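Visitor: Have a look at this one.
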């Protein structure tokens, strides 16, 4: 359940783009199938947050529910002690944060492990993506494993 139809559309398209790595089409809204375009060419909508790379900003996390953006670990991530990392799963826009880890590699491994072992998902819908390394968002790189000491871009 989303607060508005627009939020639901945006979240669905963002999560789809993260999952598949390319812009998606919107087929239904509120259980109503959208009419096929006259030319049969469904428009793909490129979602900026699905390809955002820059400083960590809760407002840029794709598909995240508005209330989750206010979650303490998300809202305060930039000021959290390092080494730190964020893992993300597009199914529901799930975010897993590790801070104060023994090393950057450990933070990345722990965040991905927490996300991939999430009992709410129970392994459904594929593995998680590394969302942020330190304060830098790396989601567009579609990493499913730690950087292995590779510098964040």
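The values are calculated or read from the model by the stated rules, or taken from the named source; none is laboratory data. Keep in mind the model is a prediction, meaning the values are calculated, not measured. Neighbour counts are summed over all protein chains in view; Cβ atoms, including those assigned to glycine, are modelled from backbone coordinates with ideal geometry.
Visitor: Looking only at region 61-88, which residues are in contact with a strand residue (DSSP E or B) (Cβ under 7 Å, 6 or more places away or on another chain) and modelled with pLDDT of 95 or more?
Guide: Scanning region 61-88 gives 61, 73, 74, 77, 84, 85, 86, 87, 88.
Visitor: Now a separate question. If a residue has to be touching a helix residue (DSSP H, G or I) at 6+ places or on another chain (Cβ under 9 Å), loosely packed, with under 15 Cβ neighbours inside 10 Å and part of a loop (DSSP other than H, G, I, E, B) to count, how many in region 63-81 make the cut?
Guide: 1
Visitor: Among the numbered conditions (1) closer than 30 Å to residue 99 by Cβ; (2) loosely packed, with under 12 Cβ neighbours inside 10 Å; (3) touching a residue at least 12 places away in the same chain (Cβ under 8 Å), tell me where residue 60 comes up short.
Guide: With (1) closer than 30 Å to residue 99 by Cβ; (2) loosely packed, with under 12 Cβ neighbours inside 10 Å; (3) touching a residue at least 12 places away in the same chain (Cβ under 8 Å) applied to residue 60, the lone miss is (2).
Visitor: For residue 40, indicate whether it is at positive phi, at pLDDT below 95 and touching a helix residue (DSSP H, G or I) at 6+ places or on another chain (Cβ under 8 Å). Let's see the steps before the verdict.
Guide: Values: at positive phi: yes; at pLDDT below 95: yes; touching a helix residue (DSSP H, G or I) at 6+ places or on another chain (Cβ under 8 Å): no.
The answer is no for residue 40.
Visitor: Within region 106-130, which residues are surrounded by fewer than 15 Cβ atoms within 10 Å (Cβ to Cβ) and part of a loop (DSSP other than H, G, I, E, B)?
Guide: Answer for region 106-130, where residues must be surrounded by fewer than 15 Cβ atoms within 10 Å (Cβ to Cβ) and part of a loop (DSSP other than H, G, I, E, B): 117, 119, 120, 122, 123, 124, 125, 126, 127.
Visitor: For region 89-105, state whether one or more residues are more than 22 Å from residue 54 (Cβ to Cβ), under 17 Å from the mean Cα position of the chain (by Cα) and either outside any loop (DSSP other than H, G, I, E, B) or at pLDDT 95 or above (or both).
Guide: no
Visitor: Now for a different question. So, in region 16-29, exactly how many residues are surrounded by 15 or more Cβ atoms within 10 Å (Cβ to Cβ) and out of contact with any helix residue (DSSP H, G or I) (no Cβ under 8 Å at 6 or more places or on another chain)? Give the derivation first.
Guide: Going residue by residue through region 16-29, those that are surrounded by 15 or more Cβ atoms within 10 Å (Cβ to Cβ) are 16-19, 23-24, 26.
Add one more test, that the residue is out of contact with any helix residue (DSSP H, G or I) (no Cβ under 8 Å at 6 or more places or on another chain), and what stays is 16, 19.
The total comes to 2.
Visitor: Name the residues in region 24-57 that are closer than 19 Å to residue 5 by Cβ and in contact (Cβ under 8 Å) with a residue 24 or more places away in the chain, would you?
Guide: Correct list: 29, 30, 45, 47, 49.
Visitor: Might you check whether a residue that is surrounded by 15 or more Cβ atoms within 10 Å (Cβ to Cβ), more than 22 Å from residue 144 (Cβ to Cβ) and under 20 Å from the mean Cα position of the chain (by Cα) occurs anywhere in region 30-44?
Guide: Scanning region 30-44, I find no residue that is surrounded by 15 or more Cβ atoms within 10 Å (Cβ to Cβ), more than 22 Å from residue 144 (Cβ to Cβ) and under 20 Å from the mean Cα position of the chain (by Cα), so the answer is no.
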